[in-house]
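Read-outs throughout are calculated quantities, based only on the coordinates presented, and are distinct from any laboratory measurement. Computed from a predicted structure; not experimentally measured. Reconstructed Cβ throughout: ideal geometry from the backbone, glycine too, with neighbour counts over all protein chains shown.
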Amino acid sequence: MNDNDIADKLSKYILKNFLFAEESEVLDINESFIQNDIIDSTGVIELVSFVEEEFGISVADDEIIRENFDSINKISSFVSNKLTES
Amino acid sequence: MKITRDVLNIEPETEVSKIQSFARNYLLEYKKRGYVVAISGGIDSTVCLYLAAKTVSPEKVMAIYMPEKEIKDEYEFIIENIAEKAGVKVLKKDISRILGEFGCYETRNQSIKKLFPEYNPNWKYKLKISRGEKNINYFKIIVEDEQGQQKEKRIPYKEYMQIVSATNYKQRVRKNIEYYYADKLNYAVVGTSNKVELDQGFFVKNGDGSSDIKFIGHLYKSQVYQIAKYLDVSAKIRNQTPTTNTFSLFQKQDEFYFSLPFPEMDYALWAVDNDIEPEELAKFLNLEKHRAINIFDDIISKRKKSEYSHCEPLLIT
């Protein structure tokens, strides 16, 4: 699975569950979720659970930071690195 | 404006007089005959009870104590003491059976068992906030077995939501009972949250957040203590550590929710509200600058998140 596939799955999940939008809509993959008031801290917890279940990775406590979870691009890179490590 | 130790000082006598005036006018406006106050044994509800009894005669105040099986028995004595001193009779209503019927304990335990399969209902537990770097908060659960051994784990989304929603039954059941007596006696219900709790969303919507009038909702916690001293609330109550009184393991409020313990949290909120720079708060509270910046971010983020809990139902126009 490459970064684009991961970003695509994340976009679809966010469009459907957080924005109630059509899956065909396009999200800015660099847009900050928190600064742009798209997702709050509960939403981040939901995203952490989503990536753990969807991509079969384990997220450590100290990895729950903005650098890893504040945009589609950041999450994609984080997940990709995790998959490469395993 | 500069932050100093005395920025939160108030004149208790004047403040009490103002609250009494609002409280009396509320009853006159809505043709109510007295006040219902739910008491927990903590400082906030005790002050509210004293204020109610001071505003109307004590026999026009209904104090209700609603324990459940996960709250320590030690509060019983405190409650009797508070009510006696306020001259108010207190009704004790144990809500364990109602909570059991609603599935409060069972559904919560199911979620805990998913995380700790060996968990049994005799174990104690509590939730704890963990602050990830740069303000991403998440929760951990701590369980304690019969031997006093503790274990902790981060709570995944589904289990977190189920534990919180089940636990919120406690506050909502209590509020139902308060309104039963308010309706029966034609009384108004006093909300006992303080300014910090309301601002930061430390309450349950339609639970402890619901009321007709909030006697201390405009006061920082340290101002509630000043009023408590003026009203001669016993030192035992004034010296207690504020707890959530919701989970079976002892838990301080800042461990569960707030960015800082009391009274530092009061000053941090005051600093945000009075455009004090994080650097100045850091110096005042002897913190690292980055920590003060994180606290500011956390306060603003919780305030934003609490908007949902405060808002009235939306009417389509």
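As a test, work out the antiparallel percent of DSSP beta bridges whose residues both lie in chain B, rounded to the nearest 5. Present the calculation step by step, with values, prior to reporting the outcome.
Details: 15 of 27 bridges.
That works out to approximately 55 percent antiparallel.
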FRET efficiency for B:Lys151 and A:Val26, using Cβ-Cβ distance with R0 set to 45 Å, rounded to 0.05: 0.50
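Mind sorting B:Phe116, B:Phe284, A:Phe20 by how few other Cβ atoms lie within 10 Å of their own Cβ, fewest first?
Working: B:Phe116 16, B:Phe284 19, A:Phe20 7.
Going from sparsest to densest Cβ surroundings: A:Phe20, B:Phe116, B:Phe284.
Rounded to the nearest 500, what is the 222 nm mean residue ellipticity of the protein assembly as shown from helices alone, with -39500 (n - 2.57) per DSSP H run of 4+ residues and division by all residues?
Numbers: 18 runs with 203 residues, N = 403.
That calculation yields -15500 deg cm²/dmol at 222 nm.
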Under 24 Å from the Cα of B:Lys184 - lysines, other chains or at least 8 residues apart: B:Lys31, B:Lys32, B:Lys54, B:Lys60, B:Lys89, B:Lys92, B:Lys93, B:Lys170, B:Lys175, B:Lys205, B:Lys214
Phi to ³J(HN,Hα) by Karplus 6.51 cos²θ - 1.76 cosθ + 1.60 over region B:154-165, Hz, x for Gly, Pro: 6, 9, x, 3, 4, 5, 4, 5, 5, 5, 5, 5
Partners for B:Lys85 among aspartates and glutamates (Cα-Cα distance below 15 Å; same-chain residues under 8 apart left out): B:Glu59, B:Glu76, B:Asp232
Three-way shape label, chain B, alpha-carbon gyration tensor, a/c 1.5: oblate
Under 5 Å, built H, 5+ apart or other chain: amide partners of B:Asn137: B:Gly132
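What full-extension length gain, to one decimal in nm, is calculated for A:Asp37 and A:Asp5 as 0.36 nm per residue of separation minus the Cα-Cα distance? Don't skip to the end; give the middle numbers.
Numbers: separation 32, 0.36 × 32 = 11.52 nm, distance 2.50 nm.
My answer for the length gained is 9.0 nm.
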Centroid-to-centroid separation of region B:87-145 and region B:34-59 [C-alpha atoms, Å]: 28 Å
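Tally Lys/Arg at +1 and Asp/Glu at -1 over every other residue whose Cβ is under 15 Å from the Cβ of B:His218; what's the total?
Taking every other residue near B:His218 into account, the sum is -3.
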Spin-label model distance (nm) - B:Lys2 vs A:Glu67, 7 Å beyond Cα toward Cβ: 3.9 nm
Of all DSSP beta bridges in the protein assembly as shown, antiparallel share, percent nearest 5: 55 percent
For chain A: relative contact order, % (alpha-carbon pairs under 8 angstrom, 6 or more apart): 38 percent
Degrees, to the nearest 10: A:41-55 long Cα axis against longest axis of chain A: 60 degrees
Sparse-neighbour loop sites [chymotrypsin sites (Phe, Trp or Tyr not before Pro); region B:250-283; at most 16 other C-beta within 10 Å; DSSP]: B:Phe250
Within region B:254-289, GluC sites (Glu not before Pro) in DSSP loop having at most 16 other beta-carbon neighbours inside 10 Å: B:Glu288
Of B:Lys114/B:Lys151; B:Lys126/B:Lys305; A:Lys9/A:Lys82; B:Lys221/B:Lys252; B:Lys195/B:Lys302, pairs whose Cα-Cα distance is over 18 Å: B:Lys126/B:Lys305
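Taking R0 as 22 Å, what FRET efficiency do you get between B:Asn286 and B:Gln240 from their Cβ-Cβ distance, rounded to the nearest 0.05? Before the final figure, lay out each step's value.
Details: r = 25 Å, r/R0 = 1.14.
The formula returns an efficiency of 0.30 here.
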